[in-house]
Amino acid sequence: MKKKDKLAQHSIHELMHTDFIALNQDQSVGEALEQIRQCSGEPRIIYFYVVNAEGVLTGVVSTRQLLISPVDTKISEIMDTRVHYLKEHVNLMDVLNDFMTHKYLALPVVNEKKQLIGVVDVSVFTENISDILERENSDAVFETIGFRIYQIKGASPFKAFRYRFPWLIATITSGVLCALMSSRFENVLASSIILSFFLTLVLGLGESVSMQSMTVTIQALRVQHPTIKWFSKEIIKEFGTAILLGLVSGSAVAASVLIWKRDVSAALVIGGSLVFTLTAACLIGLIIPTTLHALKLDPKVSAGPLTLGIADIITVLTYLTFASIVL
């Protein structure tokens, strides 16, 4: 398989090599050097990784450290236990980010038991990095709206329709529900027509912040297993951000209403409701992908349509309910 094809597979198993030398932590330096000399083939040696008797990665040792240490010194005494490693199911972009962030020449790959199973060299990323980034960014854009780009690339019109339409059902359903809810507040809208003028803006802001929160959450879930502690921390952080977004956005829109229509009541309703709607939208953007991840569903594809649909329903309901109470 060509390197470009391997990269396209986005699998760490396709990128790593297994012709590495693993030193045992209980070996002496002399024994380790003898093992290296007797190694057959042409292994790509950049770092020497150290394991215990069960093959669990415990450290890394440099060539220089091996050469300058007394031959009777234990490997465990000279190894660096602060070794950075990759999990075998890691995403390709996370691997690339690790190399770019930490400037390593190679990284070990471990399984669920932290046993060393392979090594990834930076050389696998020296070609076609721009293609990888462009492909990943393109995929991310399509995933947030309900499908992956490879599913429709080169597909017939009917096949493309089959992939794209099911996720539009969420938007259609939420749109119909929003219309039905709006009809229940017909008198409120009739009494203050300016509420109708700003409904689109309120919906747009709600969708925007919910998608922002969803994107940040999905990125976090790529490397973080959601726990109650993590979720509670994220809820508190997102709530604080949401309040600030709501206050600033609500104040700006309320000021616009006052300048344009000089209607204090409408300004209070529209600006005040934005505080609640944007807070709810932010939390929805966190809760939906986290819930899907917990249910072992793919949040990258499923979360977008669901988040937008639910955010629209909550936004309209909150906006009109707030208006009916104040006006």
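The values are calculated or read from the model by the stated rules, or taken from the named source; none is laboratory data. Remember, it's a predicted structure, so these values are computed and weren't measured experimentally. Ideal geometry is used to build each Cβ from the backbone, glycine not excepted, and the neighbour counts take in all protein chains shown.
One table, with the values for the structure above:
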read-out: Condition met for Ser62 (surrounded by 15 or more Cβ atoms within 10 Å (Cβ to Cβ) and in the same structural domain as Gln25 (by TED's automatic domain parsing)); value: no
read-out: Pair list, Cβ under 7 Å, 6 or more apart: the range 264-276 residue in the same structural domain as Ala242 (by TED's automatic domain parsing) and under 21 Å from Val209 (Cα atoms), other residue assigned to a helix (DSSP H, G or I) and aromatic (Phe, Trp, Tyr); value: Val269/Phe322; Ile270/Phe198; Gly272/Phe322; Ser273/Tyr319; Ser273/Phe322; Phe276/Phe322
read-out: Qualifying position, being touching a Leu at 6+ places or on another chain (Cβ under 7 Å), surrounded by fewer than 22 Cβ atoms within 10 Å (Cβ to Cβ) and part of a helix (DSSP H, G or I), among Ser265, Ser256; value: Ser265
read-out: Residue within the range 273-286 that is in a helix (DSSP H, G or I), at pLDDT below 90 and either more than 26 Å from Thr171 (Cβ to Cβ) or among the β-branched types (Val, Ile, Thr) (or both) present; value: no
read-out: Among residues of the range 74-108, those that are assigned to a helix (DSSP H, G or I), free of Cβ contacts under 8 Å to residues at least 40 places away in the same chain, farther than 18 Å from Arg64 by Cβ and not polar (S, T, N, Q), counted; value: 5
read-out: For Gly304: the one exception among (1) at pLDDT 85 or above; (2) farther than 16 Å from Ser182 by Cα; (3) buried (at least 22 other Cβ atoms within 10 Å of the Cβ); value: (1)
read-out: Flag if Ile218 is assigned to a helix (DSSP H, G or I) and either closer than 13 Å to Ala311 by Cβ or modelled with pLDDT under 90 (or both); value: yes
read-out: Residues of the range 59-73 that turn out to be part of a loop (DSSP other than H, G, I, E, B) and more than 29 Å from Glu112 (Cβ to Cβ), as a count; value: 5
